[in-house]
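**Student:** The structure under discussion is supplied below as structure tokens; questions concerning it will follow.
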Amino acid sequence: DPYSHKLLSAILPGRAQQKLLEPSAPLLSVKNLKVYFPIKKGLFRTTMDTIKAVDDISFEIAGAETFALVGESGSGKTTTAKAIVRLLSAKGQVILNGIDLLKASQKTLREQRANIQIIFQDPYSALNPRMTIGDSLKEGLKLQKTKHSFTEHLCLLDNLLKKVDLPVNIKKRYPHEFSGGERQRICLVRALVLQPKVLILDEPTSALDVSIQKQMLVLLENLQKELGITYLLITHDLGVVAYLAHRMAVMHQGKIVEQGATERILANPQNHYTKRLLTSL
């Protein structure tokens, strides 16, 4: 689409090189991740076949880096994201802070949830319509035991609202009073108040008007610079990848077919599917 073309043509010279000057140890390691869904048929629901939604993929993400999983609808990107945060059953390893999240106990998993948050693509269904914005923003704080007091987190909450250009007095209002872009920023604050090390962004601009997509990308970039947060970006939009991602992996039919530096892949793709994906823009 024209917006993606515009973003792709606007990649800043030397952007990736100036962003990641020094390689660092991986913050998040995904190893041999598999998510298989059985196909059951007949009266006794016998397993006849298996859908390999995510088929033995591996990647690592460094601190303060943006790593993008790119592919068409049905390629396995969102399934990967859900498996990482254990919203889906999976095999393999997902290592964060030296802890394998896939093998962690419920207690350990609860403790680690604050460190890895996910924002889904639809801001209209992400907020409970019966809860005020303030209650939605504080919901995660009540569930998580963190090193900061509740009062300190409320102060952080107000600071984050200012950072995303939302007034602090919105907390008594309800979701229906806000636009899609405003709701997406509210969801962003709700995740960031827990001070996660990794934020998974599932199609962060797809539900937004073209006029405000660029604003969201600039906001995400500025927050990363200021907070040192790591992003796992899930998207089909190569324009968004070009703007935000240091490195990327291309997914097709549950597998990673190519991964590496974003600028290298966009300029000189090696895999035939990646080439087709680029020419389809």
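Computed from the coordinates by the stated procedures, all read-outs in this text should not be read as laboratory data. Just so we're clear, the structure is a prediction, and the values are computed from it rather than from any experiment. Heads up, the Cβs are rebuilt from the backbone with ideal geometry, glycines too, and the neighbour counts pull from every protein chain shown.
**Student:** Show me the three semi-axes of the equivalent ellipsoid for the chain, from the C-alpha gyration tensor (sqrt of 5 times each eigenvalue), largest first, rounded to whole Å. Don't jump to the answer; show the numbers that get you there.
**Tutor:** Values: eigenvalues 168, 125, 76 Å².
Over the Cα atoms of the chain, the semi-axes work out to 29, 25, 19 Å.
**Student:** Another one. Sorted from largest down, what three extents in whole angstroms do the Cα atoms of the stretch 31-109 have along their principal axes?
**Tutor:** Per principal axis, max minus min of the Cα coordinates gives 50, 34, 17 Å.
**Student:** If you consider only alpha-carbon coordinates, what radius of gyration and Dmax does the stretch 97-211 have, in Å?
**Tutor:** Answer for the stretch 97-211, Rg first and Dmax second: 14.6, 44 Å.
**Student:** For the stretch 55-161, compute the orientation-averaged projected area of the C-alpha convex hull (one quarter of its surface), in nm².
**Tutor:** Working: hull surface 34.7 nm².
Computing the convex hull of the Cα atoms and averaging its projections yields 8.7 nm².
**Student:** Please list 3J(HN,Hα) in residue order for the stretch 214-221, calculated via the Karplus relation 6.51 cos²θ - 1.76 cosθ + 1.60 where θ = phi - 60°; whole Hz, with x for glycine and proline.
**Tutor:** With coefficients 6.51, -1.76 and 1.60, one gets 4, 4, 5, 5, 5, 4, 4, 5 Hz.
**Student:** Under 5 Å between amide hydrogens, which residues at least 5 positions from Leu27 or on another chain qualify, with H placed 1.01 Å from N in the peptide plane?
**Tutor:** When sequence neighbours closer than 5 places are left aside, the close amide H contacts are Ile61, Ala62, Gly63.
**Student:** Each residue of the stretch 73-87 in order: what ³J(HN,Hα) in whole Hz does its phi give by Karplus 6.51 cos²θ - 1.76 cosθ + 1.60, θ = phi - 60°, with x for Gly and Pro?
**Tutor:** 4, x, 7, x, 5, 5, 4, 4, 4, 5, 5, 4, 9, 6, 7
**Student:** Same structure, new question: Where does the chain land at 222 nm, in deg cm²/dmol rounded to the nearest 500, when only DSSP H runs of n ≥ 4 count, each adding -39500 (n - 2.57), divided by all residues? Could you put the intermediate results ahead of the total?
**Tutor:** Working: 11 runs with 106 residues, N = 281.
Dividing the helical sum by the residues of the chain leaves -11000 deg cm²/dmol.
**Student:** When only Cα pairs under 8 Å and 6 or more residues apart are kept, what is the percent relative contact order across the stretch 62-106? The partial results should precede the final answer.
**Tutor:** Values: 24 pairs, mean separation 9.8, N = 45.
Reported as a whole number, the value is 22 percent.
**Student:** Using R₀ = 41 Å, calculate the FRET efficiency as 1/(1 + (r/R₀)^6) where r is the Cβ-Cβ separation of Asn159 and Arg45; round to 0.05.
**Tutor:** On the way: r = 52 Å, r/R0 = 1.27.
Step by step, r from the Cβ atoms, then E = 0.20.
**Student:** Cα extents of the stretch 152-281 along the three principal axes, largest first, in whole Å?
**Tutor:** 52, 28, 24
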